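> Dropping a structure here in structure tokens format, bear with me for questions.
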Amino acid sequence: MTVLLDVRALSVNIANKVLLSTINVQLQHGDYLCVLGPNGAGKSTLLKALMGIINSNSGEIILNKTSLSSLSQKKRARKISYVPQAYGHQLDFSVLDFIKMARYAHHSVFSDWSRDDQNALEHALSITNTEDFIHRQMTTLSGGESQRVMIAAAVCQQAPLLLLDEPTSFLDPHHQVEVHHLIQTLNQQHGISIIEVSHDLNHATQHSKHILALKHGKVLWNGPSSDLLQSEHLKELYDQQFVFTTHPQTGATIALPSETSLGNKS
Amino acid sequence: MKPIKTLLLIAIAALLALLVSPYLGLAVDNPEVQHQIVTQLRIPRVLFAFIAGAGLALCGMVFQAMFHNPLATPFTLGVASGASLGAAIYVYLGLSFTLLGFDGGTFAAFIGALVAISCVYGISRHQSGFSPETLLLTGVAISFFFSSLILLTQYLSNLSDSFQILRWLMGSLTTVAYRDILQLLPFVALCTATILWLQRELNLLTAGDDIALSRGVPVQRIRYILFFVTSLCVGAIVALCGPIGFVGMMVPHICRLLIGNDHRWLAPASLFFGGAFLILCDTLSRLIIAPAEIPVGVITTLLGGPFFLWLLVKSRSKGT
């Protein structure tokens, strides 16, 4: 496997507050990285810095051997796509219009909707199973539908790296599984590399390939997903003891928050 | 209704307004005098109203898209006040120059508009990101600030300058001539062309800065380009006919309700609707208490407000 993304000593400060401090992380082609960490650890900031939504103060982001700072935003968008936190329901667009807008990075001022665009659109719709509601307004979608449309738009952008910010945080269990399954499909069958910010520890350890654990804007732990549960750092990551059991169907190790908190452990 | 049909209807309405308005309220019977009034006074006035209305509506549409808020327009954010101050200072200092054939007042207003938008944008963006609330409040504050500076300028001026500033602050198309059309048209045309050029970017900006950036829009650069051309456009309009309020808020919002958020349709719809709307308001302003005239700025506000509320209520009861 070759390196797709190489983040070197990335730091982000906003209004004199350190949000990310010298982050180093690598991502291989076809990898699926979950970013874990307590609230305010800098997880979303990392995704936004990668996407160019916020500027980094120092450090370098290298994608396919090209430094992102040398690329225009349009060229960056051909390489990275992004699904923000629950957002879709605020958008006053039809689903079709919204997804089609994701082809912006492949267009110039005078270019028409091309065969490539149509293929990308149909491909994105079929993978995400969103064909049935392309004529509805974004504002009328349920949380699960909306999230699938947001992912469809990102897929339509045809970037090799997809960033997802808590894609399942506001969904019920059924739709969580549905979206997790969709992300797995994108990663395994369509070769899209994924970085997903999540609060779901068990989802991360079972489904992603690697985990990056952030705390206070610093890397606390980085390694293969299955190793995190054995790591001493798990307790430190969330300031929380965990107990372990096995999934009755898959036999995978499941972490559950311990009933005794850290403060009064025996 | 399909967007193309809606747009055609709006365009036809605008054409009707252009054709009919010059002949309304002709108080004299002599055909020769009538002809004189129509060709020398009415036609330039109606053309000017169309161009100014179109420009105001387009600038309002751009601000609403950039700031994701129907209340954010060049007028609510203090840009028009800045332009007014620039023009008032131009009058106060007794300046009279032309640049590239354009009246110096336009450039004074343009500089005022740019200063205002820089202040509003700079202050409200100071913290991480900017919220619509901060933006609007900053706009209101800047607006008040510039308005009091205009009052000061007026106070310091001699009586005739002071009257000139006051007349013009009311927003009126009474004294428009053919020459003024040539003073205005290039700026509105530049603004229109830029907006049509940037329609994809405007669509994505409507979806939010994060979405726009992640799709590849260089948001900051686009915003500066749009600030520049809308400031020129608002500056030219304000310098020539005074600050005519509310057109830029209501017309694009009504057009959004009629035709949707896609700027491919919304931009031309706002252009025609804005033009027609200002012609209508100006026609009313000279008919209601004829032979006297009401400042057109008063009419735009009185007419637009209830209509806007009606559409808002209607779309609410229809939606969800």
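The values are calculated or read from the model by the stated rules, or taken from the named source; none is laboratory data. Predicted model, so just to flag it, every value in this text is computed and none were measured. Backbone-built Cβ (ideal geometry, glycine too); neighbour counts: all protein chains shown.
> If you go through region A:49-107, how many residues are hydrophobic (A, V, I, L, M, F, W, C) and over 18 Å from residue A:158 (Cβ atoms)?
Residues of region A:49-107 that are hydrophobic (A, V, I, L, M, F, W, C), as a first pass: A:49-51, A:53-54, A:61-63, A:68, A:71, A:77, A:80, A:83, A:86, A:91, A:93, A:95-96, A:98-99, A:101-102, A:105.
Checking the rest, the ones that are also over 18 Å from residue A:158 (Cβ atoms) come to A:49, A:53-54, A:61-62, A:86, A:91, A:93, A:95.
Total satisfying the criteria: 9.
> Hey, among the residues in region B:147-176 that are under 30 Å from residue B:47 (Cβ atoms) and among the aromatic types (Phe, Trp, Tyr), which one's nearest to the chain's Cα centre (by Cα)?
Filtering region B:147-176 for residues that are under 30 Å from residue B:47 (Cβ atoms) and among the aromatic types (Phe, Trp, Tyr), the one nearest to the chain's Cα centre (by Cα) comes out as B:168.
> While we're looking at this one, here's another question. If I go through region B:152-162 residue by residue, how many of them are surrounded by 14 or more Cβ atoms within 10 Å (Cβ to Cβ) and among the aliphatic types (A, V, I, L, M)?
We begin by selecting, within region B:152-162, every residue surrounded by 14 or more Cβ atoms within 10 Å (Cβ to Cβ); these are B:153-154, B:157, B:161-162.
Of the ones still in play, those that are also among the aliphatic types (A, V, I, L, M) are none.
Going through region B:152-162 one residue at a time, the tally reaches 0.
> For region A:151-164, check the following and say yes or no: at least one residue is crowded, with 17+ Cβ neighbours inside 10 Å, under 30 Å from residue A:34 (Cα atoms) and without any contact (Cβ under 8 Å) to a residue 40 or more places away in the chain. Can you show your working first?
At the first step, the residues of region A:151-164 found to be crowded, with 17+ Cβ neighbours inside 10 Å are A:151-164.
The next check asks that each one be under 30 Å from residue A:34 (Cα atoms); those that pass are A:151-164.
Restricting the remaining residues to those that are without any contact (Cβ under 8 Å) to a residue 40 or more places away in the chain gives none.
So far as region A:151-164 goes, no, none of its residues is crowded, with 17+ Cβ neighbours inside 10 Å, under 30 Å from residue A:34 (Cα atoms) and without any contact (Cβ under 8 Å) to a residue 40 or more places away in the chain.
> What's the number of the only condition in (1) among the aliphatic types (A, V, I, L, M); (2) within 14 Å of chain A (Cβ to nearest Cβ); (3) in contact with an Asp or Glu (Cβ under 6 Å, 6 or more places away or on another chain) that residue B:173 fails to meet?
(2)
> A further question follows. Would you point out the residue of region B:213-272, among those that are aromatic (Phe, Trp, Tyr) and closer than 30 Å to residue A:95 by Cβ, that is farthest from the other protein chains (Cβ to nearest Cβ)? Before the answer, list the steps.
Taking region B:213-272 and keeping what is aromatic (Phe, Trp, Tyr), we get B:224, B:227-228, B:246, B:265, B:272.
Now drop any that are not closer than 30 Å to residue A:95 by Cβ, which leaves B:265, B:272.
Numbers: B:265: 11, B:272: 22 Å.
If we take residues in region B:213-272 being aromatic (Phe, Trp, Tyr) and closer than 30 Å to residue A:95 by Cβ, then B:272 is farthest from the other protein chains (Cβ to nearest Cβ).
> How about region A:59-79: which of its residues are at the interface with chain B (Cβ under 9 Å from one of its Cβ atoms) and either surrounded by fewer than 16 Cβ atoms within 10 Å (Cβ to Cβ) or at pLDDT below 90 (or both)?
Filtering region A:59-79 for residues at the interface with chain B (Cβ under 9 Å from one of its Cβ atoms) gives A:72-78.
Answer for region A:59-79, where residues must be at the interface with chain B (Cβ under 9 Å from one of its Cβ atoms) and either surrounded by fewer than 16 Cβ atoms within 10 Å (Cβ to Cβ) or at pLDDT below 90 (or both): A:72, A:75.
> Among the residues of region A:147-158, write down those that are under 13 Å from the mean Cα position of the chain (by Cα) and either part of a loop (DSSP other than H, G, I, E, B) or aliphatic (A, V, I, L, M) (or both). Talk me through it step by step, then tell me what you get.
First, pick out the residues of region A:147-158 that are under 13 Å from the mean Cα position of the chain (by Cα): A:147, A:150-151, A:154-155.
A:150, A:151, A:154, A:155 - these are the residues of region A:147-158 that are under 13 Å from the mean Cα position of the chain (by Cα) and either part of a loop (DSSP other than H, G, I, E, B) or aliphatic (A, V, I, L, M) (or both).
> Go through region A:118-146 and count every residue that is within 14 Å of chain B (Cβ to nearest Cβ), buried (at least 19 other Cβ atoms within 10 Å of the Cβ) and either among the β-branched types (Val, Ile, Thr) or touching a strand residue (DSSP E or B) at 6+ places or on another chain (Cβ under 6 Å) (or both).
Adding up the residues that qualify gives 0.
> Let me ask something else about it. Here are A:87, A:82: which of them is farther than 23 Å from residue B:264 by Cβ, buried (at least 18 other Cβ atoms within 10 Å of the Cβ), under 19 Å from the mean Cα position of the chain (by Cα) and within 8 Å of chain B (Cβ to nearest Cβ)? It would help to see each step written out before you state the result.
Working: A:87 fails: buried (at least 18 other Cβ atoms within 10 Å of the Cβ).
Unique residue meeting the criteria: A:82.
> If we keep just the residues of region A:85-106 that are small (Gly, Ala, Ser) and at pLDDT 80 or above, which is nearest to residue A:139 (Cα to Cα)? Break it down into steps so the answer makes sense when it comes.
Filtering region A:85-106 down to residues small (Gly, Ala, Ser) leaves A:86, A:88, A:94, A:102, A:105.
Filter once more, keeping what is at pLDDT 80 or above: A:94, A:102, A:105.
Details: A:94: 8, A:102: 18, A:105: 25 Å.
Going through the qualifying residues, I end up with A:94.
> Confirm whether residue A:11 is surrounded by fewer than 22 Cβ atoms within 10 Å (Cβ to Cβ), closer than 27 Å to residue A:220 by Cβ and in contact (Cβ under 8 Å) with a residue 12 or more places away in the chain. Quick ask: steps written out before the conclusion?
Values: surrounded by fewer than 22 Cβ atoms within 10 Å (Cβ to Cβ): yes; closer than 27 Å to residue A:220 by Cβ: yes; in contact (Cβ under 8 Å) with a residue 12 or more places away in the chain: yes.
Yes, satisfied.
> Is it the case, given these coordinates, that residue A:55 is more than 24 Å from residue A:191 (Cα to Cα) and either in contact with a Ser or Thr (Cβ under 7 Å, 6 or more places away or on another chain) or within 14 Å of chain B (Cβ to nearest Cβ) (or both)? If you could, list the steps in order and put the result at the bottom.
On the way: more than 24 Å from residue A:191 (Cα to Cα): yes; either in contact with a Ser or Thr (Cβ under 7 Å, 6 or more places away or on another chain) or within 14 Å of chain B (Cβ to nearest Cβ) (or both): yes.
Considered against the rule, which asks whether it is more than 24 Å from residue A:191 (Cα to Cα) and either in contact with a Ser or Thr (Cβ under 7 Å, 6 or more places away or on another chain) or within 14 Å of chain B (Cβ to nearest Cβ) (or both), residue A:55 comes out as yes.
> Inside region B:191-212, can you point out the residues that are over 17 Å from residue A:109 (Cα atoms) and not hydroxyl-bearing (Ser, Thr, Tyr)? So that I can check it myself, show each step before the final result.
Initial filter on region B:191-212 (over 17 Å from residue A:109 (Cα atoms)): B:206-211.
Residues satisfying the conditions are B:207, B:208, B:209, B:210, B:211.
> Please give the number of the condition residue A:235 fails out of (1) more than 13 Å from residue A:33 (Cβ to Cβ); (2) modelled with pLDDT of 90 or more.
(2)
> Further, regarding this structure: Here are B:131, B:147, B:124, B:118: which of them is at pLDDT below 75 and out of contact with any Gly (no Cβ under 6 Å at 6 or more places or on another chain)? Walk me through it before giving the result.
Working: B:147 fails: at pLDDT below 75; B:124 fails: at pLDDT below 75; B:118 fails: at pLDDT below 75.
Answer to the check: B:131.
> I need the full set of residues from region A:90-117 which are assigned to a loop (DSSP other than H, G, I, E, B) and either within 10 Å of chain B (Cβ to nearest Cβ) or loosely packed, with under 12 Cβ neighbours inside 10 Å (or both), in order please. Let's see the steps before the verdict.
Narrowing region A:90-117 to residues assigned to a loop (DSSP other than H, G, I, E, B): A:91-93, A:102-103, A:107-114.
A:91, A:92, A:93, A:102, A:103, A:107, A:108, A:109, A:110, A:111, A:112, A:113, listed by residue number.
> Can you give me the ranges of the helices (runs of 4 or more DSSP H) entirely in region B:1-93 with at least 2 residues that are within 30 Å of residue B:150 (Cβ to Cβ)?
Details: elements: B:3-20, B:31-36, B:43-67, B:79-92.
The qualifying helices (runs of 4 or more DSSP H) are B:43-67, B:79-92.
> If you don't mind, there's one more thing I want to ask. Can you report the number of residues in region A:14-23 which are of a type outside the set (Val, Ile, Thr) and either surrounded by 14 or more Cβ atoms within 10 Å (Cβ to Cβ) or under 18 Å from residue A:66 (Cβ atoms) (or both)?
As a first pass, look at region A:14-23 and keep what is of a type outside the set (Val, Ile, Thr): A:15-17, A:19-21.
Imposing the further condition that a residue be either surrounded by 14 or more Cβ atoms within 10 Å (Cβ to Cβ) or under 18 Å from residue A:66 (Cβ atoms) (or both) reduces the set to A:19-21.
So the answer is 3.
> Is it the case, given these coordinates, that residue A:166 is at positive phi and either basic (Lys, Arg) or within 17 Å of the chain's Cα centre (by Cα) (or both)? Walk me through it before giving the result.
Details: at positive phi: yes; either basic (Lys, Arg) or within 17 Å of the chain's Cα centre (by Cα) (or both): yes.
Yes: the conditions hold for residue A:166.
> Report every pair of residues separated by at least 6 positions or lying on different chains whose Cβ atoms are under 9 Å apart, first residue within region A:126-144 and on the phi > 0 side of the Ramachandran plot, second of a type in the set (Gly, Ala, Ser) and surrounded by 19 or more Cβ atoms within 10 Å (Cβ to Cβ).
Listed pairs, sorted by first residue: A:129/A:152.
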